[in-house]
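The values are calculated or read from the model by the stated rules, or taken from the named source; none is laboratory data. The structure presented is a predicted model; accordingly, all values stated were derived computationally and were not measured. Cβ sites come from the backbone with ideal geometry, for glycine too, and all protein chains shown count toward neighbours.
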Amino acid sequence: MQAFGSGAMTNSIADITDARAILAIGTNTTEQHPVLSLRIKEAVRKHGAKLIVADPRRIGLADFAVLHLQHEAGTDLALLNGLAYIILEENLHDADYIAERTENFEAWRAVVEQYPPDKVSQITGVPVEDLVQAARIYGGNRPASIFYAMGITQHTVGHQNVLAIANLAMLTGNVGVPGGGVNPLRGQNNVQGACDVGGLPNVYPGYQRVDNEAAREKFAAYHGVPQPPPRPGLTVTEMLQAAHDGRVRALYIMGENPAMSDPDSTHVRECLEALEFLVVQDIFLNETGEMADVVLPAAAFAEKDGTFTNTERRVRLVRRALDPPGEARPDWEIIAEIARRLGAEGWDYADPAAIMDEIADVAPIYGGMSFERLEGEGLQWPCPDRDHPGTPILHVGKFSRGKGRFSPVHHQPAAELPDEEYPLMLTTGRILQHWHTGTMTRRVGGLEFLAPEELVEINPADAAALGIADRDWIRVSSRRGAVTARAWVTDRVRPGLIFMTFHFAEALGNVLTNNVIDPVAKIPEYKVCAVRVEKAEAPEMAGV
Amino acid sequence: MIQADTIVRSTCPYCGVGCQLDLHIRDNLIYRVGASFDSGPNYGLLCVKGRFGHDFLWHPDRLTTPLIRRNGHLEPASWDEALGLVADRLASIRAESGPDAIALLCSAKCTNEENYLMQKLARQVIGTHNIDHCARL
């Protein structure tokens, strides 16, 4: 991350209870990181921390907050700049910390001064007195931590949203201290690890950039072959478009389901159909696998050894407890066999521990890790050598990049806003009982019993205007498609906003979502698009 | 009371918190999931998915054999045939159109070791930086 020099939770789950104030923005923690939310609740109930929740929906965590800022979806930047304005005006900032540890403060301040409370209130829909109270709570209690998730990043301005959070934390001297920090909650079990070990188009393992000459030389020597050109490869969204245009002819997918998970899913299917050769390696024949030329059966988490890295950068062991079904094999064995068949040498790994030894060799942040050392409570990166105990808090005394950098960022509206034709705003997310595209959880009887169908959250005022009662069937349309599901009439959502998931193939929110992306982070804007809602007949297959 | 043959400590496959699970195993099934009070970050706590969300492992829909599309339909095939086809097609597309005509997706649900190998396959063996996963989704 450009503000501090690395992108991960700066602090640890264990020190949440040290916080005196907590700002949770764009994270439905109770449903998406349930056990971590218990630590936040413990901080509030047992340790007296003051919690502010900023979310367009009245999520469960709001019940534990002293203040819920229910701002309009897509106005986070204005909100965050507005809080900084009040903190500066009330002299709650940490001038010594700013002088010693940061740079570019004055340039940033000049931008923030354009966000007075009355203007921010107009953009966000949050009353001025709530903005002032929130700024006093976050700015007036140390240490204070910020938690955020996809509610911040899944916008065309997601990258600027993250910078605005970093600005706020530096302004109040909250980075590099126990109980403080900037804490992105990573969604998937091993999204942190997949990034750490180089599963990204712009970095080698350990975030060594592909355009860095020293990194290229190091990997050329290690791989024993010349490296690809020093420019980033394609991101998921770009790969799909390239398949559509014929620039990418073959796609090999391990454990992902883009036909359901990616925005504008009708277009995604066209892209996948355009491929000449599609390989899908998974535990089930998911929606993407049904389009494949070759499907390879993989072992699930409980059927293999390995490691996952959690949201606090802690690497933990995954252990084989069951035999895989039929002829299914662990993914690592399948990949190594394909490499050998393509003529590669040095791919005779005895077991995952040997692969971790190689990761430790090439990725300095994992340099001191081995399966032996990961027994017990694991290790938090950076862990550069075999004697290093791991790093619970990043940026203590000094930022990874040297000085923390204030980044001026301006509010911009979402790419697609409601209009006469599509008058409501759709935001998407997940619920407690299901996971992502439902490949796993929709095959668990108990979870299906608890949450068998999509329920579209709609505010009572909007429902009344459209003649919709609770649990009525409704049709939701956007410029990209339409789906039919039942309505949940609830004030969990603001007037003008509806909420859907992407768990249910038969009523898929991603048919509606907009595939416009943040030009820097390349993250699609799942959190805001314009839709129309009307009452509908029950679909024939509904079985009511 | 039925006792487990073994109890295996592992890491939850759902969200990014990384709760530690105690998998109680008997007859190649998980029949109970517990959590140790002595191990973080969850210290005995689990959510509904971590404690009860594992029946998918032995669901009849699990893939048990490689499949190859023949005449428009996916049909069972041997590992040798499936892997041979993958290697042949990737090699011929690379030879005709260059390494950047191939793209790979690794997975936020797979292990570090598997993701590491997938990016190494892309960069070392195929010769492309076209490697990504659903971090943004």
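Key figures for this structure:
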| quantity | calculated |
| --- | --- |
| Residues of the range B:86-98 that turn out to be part of a helix (DSSP H, G or I), over 21 Å from the mean Cα position of the chain (by Cα) and either within 7 Å of chain A (Cβ to nearest Cβ) or surrounded by fewer than 19 Cβ atoms within 10 Å (Cβ to Cβ) (or both), as a count | 9 |
| Identity of the residue in the range A:436-445, at the interface with chain B (Cβ under 7 Å from one of its Cβ atoms) and either among the aromatic types (Phe, Trp, Tyr) or in contact with a strand residue (DSSP E or B) (Cβ under 9 Å, 6 or more places away or on another chain) (or both), that ends up surrounded by the most Cβ atoms within 10 Å (Cβ to Cβ) | A:Met440 |
| Residue within the range A:334-343 that is assigned to a loop (DSSP other than H, G, I, E, B), farther than 27 Å from B:Cys19 by Cα and in contact with a Leu (Cβ under 8 Å, 6 or more places away or on another chain) present | yes |
| Within the range A:215-244, considering residues that are surrounded by 19 or more Cβ atoms within 10 Å (Cβ to Cβ) and among the β-branched types (Val, Ile, Thr), the one nearest to B:Thr128 (Cα to Cα) | A:Thr235 |
| Hits in the range A:254-300 (condition: over 20 Å from the mean Cα position of the chain (by Cα), buried (at least 22 other Cβ atoms within 10 Å of the Cβ), touching a residue at least 60 places away in the same chain (Cβ under 8 Å) and facing chain B (nearest Cβ under 9 Å)) | A:Asp282, A:Ile283 |
| Subset tally (residues that are within 17 Å of A:Ser145 (Cβ to Cβ) and either not assigned by TED's automatic domain parsing to the domain that holds A:Pro127 or not aliphatic (A, V, I, L, M) (or both)) for the range A:33-74 | 12 |
| Check on A:Pro389, under 20 Å from A:Ala14 (Cβ atoms) and more than 10 Å from chain B (Cβ to nearest Cβ) | yes |
| Only one of A:Leu80, A:Leu36 that is surrounded by 22 or more Cβ atoms within 10 Å (Cβ to Cβ) and within 14 Å of chain B (Cβ to nearest Cβ) | A:Leu36 |
| Looking only at the range A:353-371, and only at residues there that are among the small types (Gly, Ala, Ser) and touching a residue at least 12 places away in the same chain (Cβ under 8 Å), the one that is surrounded by the most Cβ atoms within 10 Å (Cβ to Cβ) | A:Ala363 |
| Residues of the range A:195-211 that turn out to be assigned to a loop (DSSP other than H, G, I, E, B), within 9 Å of another protein chain (Cβ to nearest Cβ) and free of Cβ contacts under 8 Å to residues at least 60 places away in the same chain, as a count | 4 |
| Positions within the range A:372-398 being crowded, with 19+ Cβ neighbours inside 10 Å and in contact with a helix residue (DSSP H, G or I) (Cβ under 7 Å, 6 or more places away or on another chain), in sequence order | A:Leu379, A:Trp381, A:Pro382, A:Cys383 |
| Selection status of B:Val33, within 14 Å of A:Asn189 (Cα to Cα) and either in the same structural domain as B:Ala108 (by TED's automatic domain parsing) or under 21 Å from the mean Cα position of the chain (by Cα) (or both) | no |
| Selected residue (criterion: surrounded by the fewest Cβ atoms within 10 Å (Cβ to Cβ)) from residues of the range A:88-127 that are more than 14 Å from A:Met170 (Cβ to Cβ) and among the hydroxyl-bearing types (Ser, Thr, Tyr) | A:Ser121 |
| So A:Ala84, is it touching a Leu at 6+ places or on another chain (Cβ under 6 Å) and modelled with pLDDT under 95 | no |
| Flag for B:Asn71 being polar (S, T, N, Q) and facing chain A (nearest Cβ under 7 Å) | no |
| Test: residue in the range A:376-386 that is more than 24 Å from the chain's Cα centre (by Cα), under 30 Å from A:Leu79 (Cβ atoms) and not polar (S, T, N, Q) | no |
| Residue in the range A:310-319 that is within 26 Å of B:Val33 (Cβ to Cβ), buried (at least 23 other Cβ atoms within 10 Å of the Cβ) and more than 8 Å from chain B (Cβ to nearest Cβ) present | yes |
| Single residue of A:Glu454, A:Glu416, A:Glu448 found to be surrounded by fewer than 18 Cβ atoms within 10 Å (Cβ to Cβ) and charged (D, E, K, R) | A:Glu448 |
| Filter result (more than 8 Å from chain B (Cβ to nearest Cβ) and among the hydrophobic types (A, V, I, L, M, F, W, C)) within the range A:212-253 | A:Ala214, A:Ala215, A:Ala220, A:Ala221, A:Leu240 |
| Condition check for A:Ala465: free of Cβ contacts under 8 Å to residues at least 60 places away in the same chain, crowded, with 22+ Cβ neighbours inside 10 Å and more than 27 Å from A:Ile152 (Cβ to Cβ) | no |
| Within the range B:42-70, tally of residues that are touching a Gly at 6+ places or on another chain (Cβ under 9 Å) and either more than 18 Å from A:Leu432 (Cβ to Cβ) or of a type in the set (Asp, Glu) (or both) | 7 |
| Filter result for A:Val162 (among the β-branched types (Val, Ile, Thr), without any contact (Cβ under 8 Å) to a residue 60 or more places away in the chain and not in a loop (DSSP other than H, G, I, E, B)) | no |
| Residue identified as modelled with pLDDT of 95 or more and part of a helix (DSSP H, G or I) among A:Leu23, A:Leu36, A:Leu51 | A:Leu36 |
| Matching strands (runs of 3 or more DSSP E) fully within the range A:421-525 where at least 1 residues are under 18 Å from A:Gly26 (Cβ atoms) and among the aliphatic types (A, V, I, L, M) | A:424-429, A:497-501 |
| Residue in the range B:109-124 that is within 7 Å of another protein chain (Cβ to nearest Cβ) and of a type in the set (Gly, Ala, Ser) present | no |
| Test: B:Tyr31 is at the interface with another protein chain (Cβ under 9 Å from one of its Cβ atoms), hydroxyl-bearing (Ser, Thr, Tyr) and free of Cβ contacts under 8 Å to residues at least 40 places away in the same chain | no |
| Top-ranked residue of the range A:521-536 - restricted to ones that are of a type in the set (Val, Ile, Thr) and either facing chain B (nearest Cβ under 8 Å) or under 18 Å from the mean Cα position of the chain (by Cα) (or both), ranked as nearest to A:Leu200 (Cα to Cα) | A:Ile523 |
| B:Gly44 being more than 7 Å from chain A (Cβ to nearest Cβ) and over 20 Å from A:Ile13 (Cα atoms) | no |
| Among the candidates B:Leu67, B:Leu137, B:Leu45, B:Leu23, residue that is within 30 Å of A:Asp293 (Cα to Cα) and at pLDDT 95 or above | B:Leu67 |
